[in-house]
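*Asks:* This structure is in structure tokens; I'll ask about it shortly.
Each reported figure results from applying straightforward, stated rules to the coordinates on display, with no laboratory input. It should be emphasised that the depicted structure is a prediction, and the values quoted were computed from it without experimental measurement. For neighbour counting, all protein chains shown are included, and Cβ atoms are generated from backbone atoms with ideal geometry for every residue, glycine included.
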Amino acid sequence: MFLALLDESLLWAHYSDKHRGICLGLDVPDDVARAVDYVDDRLPWEQPTQEFMTKLLWTKFAPWRYEGEVRAFVTREEHEDGRYFVDFGDKLKLQQVIVGHRCCVERGEISAAMALYPESVTIIKARLSRSSFNVEENPFGFMS
């Protein structure tokens, strides 16, 4: 499953610090992540079993459906300054870096930060569409 969010205008508006953020487009194997189940009503409470708790963790209220969220569970083994990360590798491959239209990070900074990454990654500058409410690739790249 390839996860990229260039044209998801609601997600850019809600999660990218008013388009000043950066979105990572990832290739995630289907056996690593699972789509969230969106429901209209809360699940009826059951005795807390592992199966029930897992079901709760993969369930979200239906109005959030536009997010198309997928979730994965990982262990908290490595951390940096109290923050935990999962390394890119066979189970998580970076395919795109999408830079918000109000983000001040330049292409050169991103390229330098990714110099040791072994895979080819597309770097895209986004902009707001001039003909719709969508976010799209800026045809002028980082120049405007």
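*Asks:* Please work out how much length the chain gains when fully extended from VAL121 to TRP58, using 0.36 nm per residue of separation minus the C-alpha to C-alpha distance, in nm with one decimal. Each step should come with its number before you reach the end.
*Replies:* On the way: separation 63, 0.36 × 63 = 22.68 nm, distance 2.99 nm.
Contour length minus Cα-Cα distance gives 19.7 nm.
*Asks:* Something else about it: Ranked by Cβ crowding within 10 angstrom, fewest neighbours first, how are TRP64, TRP12 ordered? Spell out each step's value before the answer.
*Replies:* Numbers: TRP64 11, TRP12 23.
In increasing order of surrounding Cβ atoms, one gets TRP64, TRP12.
*Asks:* With a cap of 12 neighbouring Cβ atoms within 10 Å, and only residues DSSP puts in a loop, list the trypsin sites (Lys or Arg not before Pro) found in segment 9-94.
*Replies:* Values: sites: LYS18, ARG20, ARG34, ARG42, LYS55, LYS60, ARG65, ARG71, ARG76, ARG83, LYS91, LYS93; in loops: LYS18, ARG20, ARG42, ARG76, LYS91.
Taking segment 9-94 and a limit of 12 other Cβ atoms within 10 Å, the loop trypsin sites (Lys or Arg not before Pro) found are LYS18, ARG42, ARG76.
*Asks:* Please report, in debye to the nearest 20, how large the charge dipole of segment 1-125 is about its Cα centre when each Lys and Arg carries +1 at its beta carbon and each Asp and Glu carries -1 there. Intermediate values should be presented prior to the final figure.
*Replies:* Values: 15 positive and 22 negative charges, 86 e Å.
Rounded to the nearest 20 debye, it is 420 debye.
*Asks:* Counting only residues 5 or more places away or on other chains, whose amide H sits under 5 Å from the amide H of ILE124 once H atoms are built in the peptide plane?
*Replies:* VAL97, ILE98, VAL99
*Asks:* Right, next: If you rank VAL97, VAL70 by fewest surrounding Cβ atoms within 10 Å, what's the result? Write out the running numbers ahead of the final one.
*Replies:* Working: VAL97 20, VAL70 16.
Least crowded to most crowded, the residues run VAL70, VAL97.
*Asks:* Still on this structure: Per the Kirkwood formula on distinct C-alpha pairs, the Rh of the chain is how many angstrom?
*Replies:* For the chain, the Kirkwood estimate is 17.5 Å.
*Asks:* Can you return the aspartates and glutamates within cross-link range of LYS93? Criterion is Cα-Cα under 12 Å, with same-chain partners fewer than 8 residues away left out.
*Replies:* Correct list for LYS93: ASP27, GLU119.
*Asks:* Here's another thing I want to ask about it. Treating cross-link reach as a plain straight distance, find the aspartates and glutamates whose alpha-carbon is under 14 Å from the alpha-carbon of LYS18, omitting any fewer than eight places away in the same chain.
*Replies:* GLU8
*Asks:* When only C-alpha pairs under 8 Å and at least 6 residues apart count, what is the relative contact order of the chain, in percent? If you can, show how the numbers build up before the last one.
*Replies:* Values: 194 pairs, mean separation 42.5, N = 144.
Over the chain, the number comes to 30 percent.
*Asks:* While we're here: Mean-square fluctuation check for the chain, GNM, Cα pairs under 10 Å: which of TYR117, TYR84, TYR38 is largest?
*Replies:* Maximum fluctuation in the GNM of the chain, among the listed residues, is at TYR84.
*Asks:* Okay, moving on. Pop a pseudo-label 7 angstrom from the Cα along the beta-carbon direction at both MET143 and ASP31 and give the gap in nm to one decimal.
*Replies:* Inter-label distance under the simple model: 4.6 nm.
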